[in-house]
Structure formats: structure tokens, C-alpha cells
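The values are calculated or read from the model by the stated rules, or taken from the named source; none is laboratory data. Please read these numbers as outputs of a predicted model, since none were measured by experiment. Here the Cβ positions follow ideal geometry from the backbone for every residue, glycine too, while neighbour counts run over all protein chains shown. The area values use the complete protein model at the heavy-atom level, side chains included, leaving out ligands, DNA and RNA. Shrake-Rupley method; radii C 1.70, N 1.55, O 1.52, S 1.80 Å.
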Number of protein chains: 2
Amino acid sequence: MPEPAELLQNRLAYRGRKFDFTVDRLRLPNGAEGDWECIRHPGGALAVPVTRDGKLVLVYQYRFAIADRLLEFPAGTIEPGEDPQTTIEREIEEETGYRAQTWQALGKFPLAPGYSDEYIYAFLARDLDQLDTPPQQDDDEDLAVVLMTPADLEAAIQQKPESIDAKSIASYFLTRPYL
Amino acid sequence: MPEPAELLQNRLAYRGRKFDFTVDRLRLPNGAEGDWECIRHPGGALAVPVTRDGKLVLVYQYRFAIADRLLEFPAGTIEPGEDPQTTIEREIEEETGYRAQTWQALGKFPLAPGYSDEYIYAFLARDLDQLDTPPQQDDDEDLAVVLMTPADLEAAIQQKPESIDAKSIASYFLTRPYL
């Protein structure tokens, strides 16, 4: 271990803007064979931003996949060749209008390994300053900034987990020992 | 809110065994237009199983998407028309050889809303009995059962998040107040 699955055939089924979709014929370590569909993703970077008075900065964001809005930490797709911290330093400014002076890497975790190779690189972002002129948001984003205490976020997760996505819950848990 | 994105055109790009992949032309609530790729998934059900002496039951599972093994809570894809608890009662037996006497629903959360409509339905499973003759595992699964204390799992998440997937970290956090 780790043991590779044996790739018998691979096919790029769709080339997307931010990720590809592949269909692979594989033989697994246990000998089973089958077609496996997978999103091939460059990875995402996420910040848990904490203001100087201890509030968490989240975004309330429309997600077409579920046709609803979710509470999430600011995050973005890593550009080709980009360092994850560079990605999230840009995204936090675009999505929230805050710049962080202090960054702490919390590690990476796999988001949806049943059908995606995406890892989320999580960071704790502290010593936030509000930008006088925040950069323009991506025109496919439609979001509002929300400030919450850690206690309020924990209550929201426990009471309404359907309104917060997995990467945000997991990243909050990674951050918790440092808050 | 919630506001629907306006669907201008939709296309089934791939029909898979467990989920489909669609490419939709959408107009978002903010007026932006674009192609959006999405996995259309029936949902997943997950158990955080706790033995009578307080240990968590996880699986150490090969994941071809990342060509490595991960520590995860037992979980499975919901079959058409199936109740999530029925799914996970079956999966926990197949994957771990345990049957739970006591089930508690913890709610659902969206797994990867950037490109999937999958929700994970999380359950706390208690009063576990080991089956004398566990059902056969799916032949595409290749996994080992791992028992851990909550303290050990928390240490693993903090120190090696790359070895544990987002749904397992998030579900553990939902379970924590009840442990």
C-alpha cells in the first residue's frame, strides 16, 4: 500500500472549464474490473478567515447544482501551476473584500474521492483588513458576506447541516484547535 | 431566496452506473450565463458507528480517483426509491460486519456543490453487534475495518487530513456532541 489500480483503458469524456470528466476501465487491487467515472480537478483552496474580534467570515452563495444558497468559507479552484496559498489569497479578496496578514496552512483533504480527485487545501487566515476597493467578483459568482461567531457556526452546523457544505464543515473542524 | 438559476439548455453528457454527468447552459440569478457541468447523484448515506466500548468503526479503503487508501466512515450510494437509513443499514453490514441496534439521524449536508448535487445523509449508529456471517462485500470494494477511539481519530484528522475524506470529517463533527 498504496496500491495502484491497473488502468486498462482511459477516455476523456468531457473537457470542462475548471475540470475534466474521465471514464476509465480499471482492474482494482482485489481483481475486480469495471468502468470508473471521475472528475479530474486541479484542486481547491479554502480559507477560514477570522476577524480581529474573533468572527468567522463566510459567504452565502448560490449553487446551481442544488438550486439553493449555501453558507461556505471562501474558496476557489487552483489555476494551472499555482500555489494553493496564492489561489486563496486572491479568492478571499474577491469573495469577501478582506485581506489577511497572517496565513497558516492546515493541510489538505480529499473532497469526494468516490468520483473526484480534488483535494481541498485549507488555510487559517488571520489579521484581516477590509479593502477600501475590493476587486471585482467573478461574474459567475453571486454571493453575500456573512460574519458569525464560532459558537453560532457550530450551532448552525449541528442544527442545519444541509445549509453548509462538507468542505466548510471539515475545514472548520481543522481550524477549531487554533480558535 | 432560494432563487433558481434559469435553465436555457440541458444535456445528459454521460449516464453512469451510480450517477449521471450533465452539461447545462444556465443564466444565474445575477444574470451571468455559462455552461455548468454537474454530477447528478442520488445521494449517499453514511454511518458513524460506535461500539459498546466507545470505539469508532472506520474503513481503510482503496480509492482509484486518488490512487491511494483513505480512512472513511462506512457509506454507500442510495438506490432508487430507497430510504437513506435502509441504505446505510445494508452498507454498514457489508463494509464492516457490524449491525447497529440504535440509529440516530444527524441530518444531511451537500458534499461538493461546485459540481455535484449529492447530499450525504449522516447517521450515528450505536449498540453494535458483530455478525457471525457478514454479507459478502461488493466486488468493487477493497477495504479493511479499523477501530479507533474518538481522540485517536481527532488526532489523525488534525495531523493527517489528507488521509480522511471530507464527508467523514464533517460527519464526525456532527456526531461529536453525542459521543
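Data overview
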{"read-out": "Label-point separation in nm, B:Val145 to A:Gln101, each point 7 Å along Cα→Cβ", "value": "5.3"}
{"read-out": "Degrees between helix B:84-96 axis and first principal axis of chain B (Cα, 0 to 90, nearest 10)", "value": "50"}
{"read-out": "Using alpha-carbon coordinates, inclination of helix B:150-159 to the longest axis of chain B, degrees", "value": "50"}
{"read-out": "Two-site label geometry, A:Gln85 and B:Glu162: point separation in nm, points 7 Å out along Cα→Cβ", "value": "1.6"}
{"read-out": "Shielded residues, the stretch A:60-76 - accessible-area loss of 50 Å² or more between chain alone and all protein chains, probe 1.4 Å", "value": "A:Tyr62, A:Phe64, A:Ala65, A:Ile66, A:Arg69"}
{"read-out": "Spatial separation of Cα centroids for the stretch B:146-174 and the stretch B:56-125, in angstrom", "value": "15"}
{"read-out": "For a label point 7 Å along the Cα-to-beta-carbon line of B:Glu33, residues of the stretch B:4-21 with backbone N under 18 Å", "value": "B:5-11"}
{"read-out": "Cleavage-rule hits, trypsin sites (Lys or Arg not before Pro), the stretch B:1-99, DSSP coil, Cβ neighbours within 10 Å at most 11", "value": "B:Arg17, B:Arg52"}
{"read-out": "Average accessible surface area per residue within the stretch A:71-160, 1.4 Å rolling probe, Å²", "value": "45"}
{"read-out": "Positive dipole terminus of the stretch B:31-161, leading residue within B:Cys38, B:Ala65, B:Thr102 (C-beta point charges)", "value": "B:Thr102"}
{"read-out": "Rounded to 10°, Cα long-axis angle of helix A:166-175 versus longest principal axis of chain A", "value": "60"}
{"read-out": "Between A and B, accessible area buried - total, square angstrom, nearest 100, 1.4 angstrom probe", "value": "6100"}
{"read-out": "Cα-based shape type of the stretch B:1-50, given that a ≥ b ≥ c are square roots of the gyration tensor eigenvalues and the cut on a/c is 1.5", "value": "oblate"}
{"read-out": "Net charge dipole size for the protein assembly as shown [Lys, Arg +1 and Asp, Glu -1 on Cβ; Debye, nearest 20]", "value": "400"}
{"read-out": "Summed side-chain charge close to A:His41 - residues other than A:His41 whose Cβ falls under 10 Å, Lys, Arg +1, Asp, Glu -1", "value": "-1"}
{"read-out": "Calculated FRET value between A:Glu94 and B:Arg52, using beta carbons and R₀ = 56 Å, to 0.05", "value": "0.65"}
